[in-house]
Structures are given as C-alpha cells and as structure tokens.
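The values are calculated or read from the model by the stated rules, or taken from the named source; none is laboratory data. Small disclaimer: the values here were computed from a predicted structure and weren't measured. A quick note on method: Cβ atoms are made from the backbone with ideal geometry, for glycine too, and the neighbour counts reach across all protein chains shown.
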Amino acid sequence: MKNNDKIEEMLLTGKSLDELIRLKMQQELEDEISSAQTVHEKYVEVDISKVPKELIFSKKAVFKVFNKTLKTESFITGVQADGLLGLQNSIRTQILNGELSVFMCDDAFVKFEKIELEK
C-alpha cells in the first residue's frame, strides 16, 4: 500500500514520466549501493550441532582428513566429505543431525573442522 501511495504522490507533483522514471532508477541505485556497503559480520562455528543442515555438506564447510597410512593431514570441503561418505547414509544422517562430527572411510579419519557463517 505504501508503494502505491508513493507512486500517486509522484504523479500528483506534476513531473513528467521521464523524470519520474529517472527518479525511480536513481532511488533503486542508491538502495543497491547502500546494501552493498553494509558490512556483514561473519563468525566461525566449530560446533557441528549449531550449523544449519543445508550448509554442513557445502563448499563453505571445512573438514580435516587424517590419512592413517601416510600419516598426513589435509583439508577438504563439505562437498568432498559428502563424497567420501558414499553410501553410508546412517552416518550422513547423524552428521546432519549434529550427533556426529567424525567418521572413517577406507584409510582416513574425517572430522568436521569449521564453517564461516554470517550473523
């Protein structure tokens, strides 16, 4: 309703249609610039039970992989960790519910490390 009131107010001012379009475009541009300049605060979450389910196996999530054979550590994304799970659906469900943050596959231990979230 407020949007219609603004339009009526603009039309009643006696301005031409071109000028009204220009004003509308200018207002939209200013709104976009102000939203782009707002700083989104980010924080790192290490507790898997506090992470939204849809983000656990995403590119934002970081998992640590410890290779038992080679004794090496590396980091992978949530998408790669989901691939390592393969057909282990019961473990996947436990991870998504926040009940489990570590799993084993072949010769590696995989542990949820962190994810960067916006406040």
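Quick look at the values:
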item	result
Selection from the stretch 45-74 of residues that are within 12 Å of the chain's Cα centre (by Cα) and crowded, with 17+ Cβ neighbours inside 10 Å	V51, I56, F57, A61
Qualifying positions in the stretch 24-59 - in contact with a strand residue (DSSP E or B) (Cβ under 9 Å, 6 or more places away or on another chain) and among the polar types (S, T, N, Q)	S58
Of residues in the stretch 75-108 being free of Cβ contacts under 8 Å to residues at least 24 places away in the same chain and loosely packed, with under 12 Cβ neighbours inside 10 Å, the one nearest to V44 (Cα to Cα)	T93
Filtered residues of the stretch 40-65 (kept if among the β-branched types (V, I, T) and touching a residue at least 60 places away in the same chain (Cβ under 8 Å))	V44, V46, I48, V51
Candidate set: the stretch 17-44, residues that are more than 23 Å from the chain's Cα centre (by Cα) and of a type in the set (A, V, I, L, M); chosen: the one modelled with the lowest pLDDT	L17
Residue match in the stretch 57-69 (condition: of a type in the set (F, W, Y) and touching a helix residue (DSSP H, G or I) at 6+ places or on another chain (Cβ under 6 Å))	yes
